[in-house]
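As structure tokens, the structure follows; a few thoughts come after it.
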Amino acid sequence: MASNTSTAAPSRRYKLVFFVPVADSAACKTAVLAAGAGQFPNYSEVCFETLGTNQFRPGEASTPYIGQPGRLEEVAEARIETVVTGEETMRDVVRALKQTHPYEVPVYEVYKLEDF
């Protein structure tokens, strides 16, 4: 008797969260979504965005996109969250984010997701 159980391992899913100045959020969203983020069955370009304020003090050796070295800055930023399927796609998405993000060191987080 044939089994209905698939032996193929499902692709790992990840959540990408990144922070970007509001003025640059559209370009970063476009880049990560074009690289394969935000794909669900019957849906594409899926992400969630919230607004907040980021605080940082650029180091003396930095060349900040916003602000001056040694001076405390507060910047209106978007927190953007999206889901990515597959490790290679996740790597492509992070690469696209790093190439598009205006900061010297983009702030982002990657989480492995579990299905329940």
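Axis angle, to the nearest 10 degrees, between helix 25-34 and the longest C-alpha principal axis of the chain: 30 degrees. Cross-link reach is defined here as a Cα-Cα straight distance under 12 Å, omitting same-chain residues fewer than 8 places apart; for Lys112 the aspartates and glutamates meeting it are Glu87.
About its Cα centre, how strong a charge dipole does the chain have in debye, to the nearest 20, once Lys and Arg get +1 and Asp and Glu get -1 at the Cβ?
So the magnitude is around 180 debye.
Projecting the Cα positions of Phe19, Thr53, Gln68 onto the charge dipole of the chain (unit charges on Cβ atoms of Lys, Arg, Asp and Glu, taken about the Cα centre) puts Phe19 furthest along the positive direction. Taking the 0 to 90 degree range and rounding to the nearest ten, how far is the long axis of helix 87-100 tilted relative to the main principal axis of the chain, both from C-alpha atoms? The helix 87-100 is inclined about 20 degrees to the chain.
Going by the alpha-carbon gyration tensor, a ≥ b ≥ c the square roots of its eigenvalues, is the chain rounded (a/c under 1.5) or, if a/c is not under 1.5, prolate (a/b greater than b/c) versus oblate? Don't skip to the answer; put the middle values down first.
Values: a/c = 2.94, a/b = 2.62, b/c = 1.12.
Prolate is the answer for the chain, as a/c is 1.5 or above and a/b outweighs b/c.
Readers should treat all values here as calculations from the given coordinates under stated rules, not as data from a laboratory. Model, not experiment: these values are computed from the prediction. Note that we place each Cβ from the backbone using ideal geometry, even for glycine, and neighbour counts take in every protein chain shown.
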